[in-house]
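Below is one structure; the comments refer to it alone.
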Amino acid sequence: MELNADFTAPVIVHSEQLDWIASPMKGVDRRMLDRIGDEVARATSIVRYAKGSSFSAHTHTGGEEFIVLDGVFQDEHGDYPAGTYVRNPPTTAHTPSSAEGCTIFVKLWQFDMEDRVQFRKTMADEVGPFVDGVAHAKLHRDAREAVNYSVLNPDAVLENSESGGIEILVLSGSVRFRGETLGQGAWLRLPDGDVLNLNADSEGATLWMKTGHLPFAKAPNV
């Protein structure tokens, strides 16, 4: 399967308008944003766990990072409430579940295969001071990518021109980008060389953003 697999083209997906697609595990559904591959895939998705659902134990051969959007995600390592950012690098393993149900934004097979740094962060706890109405939390940075959480006050402007592509997920509120309103759940991917320039609407917004990673996009090596 290939979905939004042309990484030289900009893409906008209003994920909350997509239908939920059942995964191989009962009670676990997903909305696919981009994908190269079938069940083993370089993938970016919104995944919903029904109350009391679980996924079978598995090893992340290609790594996994995710944000808990609502509810509480769980595994044998602990509970992860909404607002948690997690990186599970290659070779890590777990058995996911959710007693109360949850929704996560998850990226698979997008790690440096030598990365072994595993961590979790509460994104809001990492936020620095506001400058011109925008504050950032630096969640992760390595030679391949930078990951940030950004808080925009009403009508604030966010600009980014880093090389290697830009990807954002609107976590709350809404922003305006090139004449289009991106509300909660909207996902934007810009290719290497493009520039991000957006304005928060009157209620402000929070965003997850990754930069620099698109030159490394490829199908899993399995």
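The values are calculated or read from the model by the stated rules, or taken from the named source; none is laboratory data. In this text, all values refer to a predicted model and were calculated from it rather than measured experimentally. Reconstructed Cβ throughout: ideal geometry from the backbone, glycine too, with neighbour counts over all protein chains shown. Ligands, DNA and RNA are stripped out before the accessible areas are found, and what is left, the full protein with its side chains, is counted by its heavy atoms. Shrake-Rupley method; radii C 1.70, N 1.55, O 1.52, S 1.80 Å.
For this structure, a couple of remarks:
- Count of segment 8-20 residues which are within 18 Å of the chain's Cα centre (by Cα) and over 14 Å from Trp187 (Cα atoms): 1
- Leading residue by the ranking (surrounded by the fewest Cβ atoms within 10 Å (Cβ to Cβ)) among those in segment 132-173 that are among the small types (Gly, Ala, Ser) and closer than 26 Å to Asp6 by Cα: Ala143
- Any hit, segment 143-163, residues being charged (D, E, K, R), without any contact (Cβ under 8 Å) to a residue 60 or more places away in the chain and closer than 30 Å to Glu114 by Cα: yes
- Total residues in segment 89-102, condition surrounded by fewer than 19 Cβ atoms within 10 Å (Cβ to Cβ) and not in a strand (DSSP E or B): 7
- Candidates Gly52, Gly83, Gly62, filtered to the one that is touching a residue at least 24 places away in the same chain (Cβ under 8 Å), open to solvent by less than 50 Å² (accessible area, probe 1.4 Å), of a type outside the set (A, V, I, L, M, F, W, C) and at positive phi: Gly83
- Candidates Ile46, Ile67: the one that is touching a Phe, Trp or Tyr at 6+ places or on another chain (Cβ under 9 Å), open to solvent by less than 20 Å² (accessible area, probe 1.4 Å) and within 23 Å of Gly164 (Cβ to Cβ) is Ile67.
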